[in-house]
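Below is one structure, written out as structure tokens; comments come after it.
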Amino acid sequence: MYPARRCSFLHRDLAALCLSSLGPAAKKQTPPKKLSLPAPRHCHTGGEGGKPQVKSRGSSPASASSIPVCLMGSSSSSRLFGTLAQTLNSAPLAQQDYDPEHQDSDQDPEGLEQADPDQLLRECEEILQNRPARPHRDLVYPVDPKHQHQYRNNEQQQTPSIRVMTWNILAQALGEGKDGFVQCPLDALNWAERKYLILEEILTYRPDILCLQEVDHYYDTFQPILASLGYHSTFLPKPWSPCLEVASNNGPDGCALFYRRARFSLLHTSHLRLSAMMLPTNQVAIVQTLRCRETGQRLCVAVTHLKARSGWERLRGAQGADLLQSLKAITSRAAGSDPVSRGPGGGSGTEGVPLIVCGDFNAEPSEDVYRRFISSPLGLDSAYKLLSADGQTEPAYTTWKIRPSGESCSTLDYIWYSHGAFTVDTLLDIPTEEQIGPDRLPSYHYPSDHLSLLCDVSFREPRDQPHRLM
């Protein structure tokens, strides 16, 4: 049994959040400190050849009661914040725009000290030492020799690549109360430990841009902890989250977008409620226009989570069409006001600002919404096709689960990118069936029914820009 310990940074972040909800009187007792943000990590973490190494842990799972953990995610304040956010964001407007100049969005959060990501990662590993290790995954070069050549050229460049991660982390209320993972012990889903598995995955790879779906512990977990690591974040709940139907819910789930303050500045944010056949739906998207502090180049990042379940293919197609239309308008508007984005590596004036679109599309590559994205005039391509031998085939799965209705092994998650503006340097490979295990996902060694996807992308150099036929 692991002896009692103090999770200092995690306790401190939660305490700061609680104090901020008590008003000015509480803040007087703990004056806010100006943070010096940690330098962003753009290299691969450890390992030979720049590949990350995941520390092995014991192989026998333990119950949550045998390991002292920091209590997070159980406060009523998070439900209050979540419900308030849901009320504000379920307005009839299909799009809500935010001007960062009036939001003070680049100011450091009050009451949060700088956290050491290496120490937080060690704390996660120590708390999870009685659980099996997460599947080891390597960062690999794309199969296409041209992409390998481009990546090795980029290694010599002064400007580092941009690391992007997307992940449906499984809403806690859905995992425990609705999804019915028949092969996953309920104890494996205990939030007191599962949150550390999620944080461990994020801290292992340390993305510059992080897109999460099914987030129902934003205010009490991910926002304060990632803010202490130098991330700015935005959260948009579903207008009517199924999490609210679960008795012990922590508020609505939704999408969250994080980026490193040290790497990017925020220019514009749009909160979208996706429509289908001109009717608003229950699915949302966050779109942010960022400027790279090192190069001045702009890029537009979006995260979404489309309608789930078989039988809703037409609705997903309509949601995808609505999202593409919004992205075209947002990127064109941003490009028109920025001469840098019209230059090499930033897209042309007609193409708009380069795009990265992440999310759980709940759609196989055979579906209409996938075809809409792959053939869009926005010039998007799917990064994970580059893992295949021909560079044109998606992975066999990004989610693998067993429910009462049977076993489901599907490719539903994607990272789309503007192939005329970006090159994909490396990708995080997909665990094998043996690594996932016979009980599939989630499990004691992996916290979600979806796998995280991650890639490093770089702006194309002028000589690498594709030529257009006139």
request  = Return one whole number: the accessible area per residue of the stretch 232-344 in Å², for a 1.4 Å probe.
outcome  = 36 Å²
message = Can you give the FRET efficiency to the nearest 0.05 for Asp116 and Glu461, using r as the Cβ-Cβ distance and R₀ = 35 Å?
response = 0.50
note = Per its Cα gyration tensor (rounded if a/c is under 1.5, else prolate when a/b beats b/c, else oblate), the stretch 240-284 is best filed as oblate
inquiry  = If you roll a 1.4 angstrom probe over the protein chains with everything in place, what fraction of the accessible area of the stretch 412-460 belongs to carbon and sulfur, to the nearest %?
reply    = 49 percent
inquiry  = Give me the percent of accessible area attributable to carbon and sulfur for the stretch 258-333, probe 1.4 angstrom.
reply    = 55 percent
ask   = What order, most packed first, do the peptides 210-220, 448-458 have when packing is the mean number of other Cβ atoms within 10 Å of each residue?
value = 210-220, 448-458
key: Net charge over other residues, Cβ less than 10 angstrom from the Cβ of His450 (K, R count +1; D, E count -1)   = -3
inquiry  = As an exercise, use a Förster radius of 41 Å and the Cβ-Cβ distance of Arg333 and Asn282 to find the FRET efficiency, rounded to the nearest 0.05.
reply    = 0.95
query = What is the stretch 204-305 by shape, rounded, prolate or oblate, if you read a ≥ b ≥ c off the alpha carbon gyration tensor as root eigenvalues and call it rounded for a/c under 1.5, prolate for a/b larger than b/c, and oblate otherwise?
reply = oblate
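The values are calculated or read from the model by the stated rules, or taken from the named source; none is laboratory data. This is a predicted model, so every value here is computed, not measured. Glycine also receives a Cβ, built like all others from the backbone with ideal geometry; neighbour counts cover every protein chain displayed. Only protein heavy atoms, including side chains, enter the accessible area calculation; ligands, DNA and RNA are left aside. Shrake-Rupley method; radii C 1.70, N 1.55, O 1.52, S 1.80 Å.
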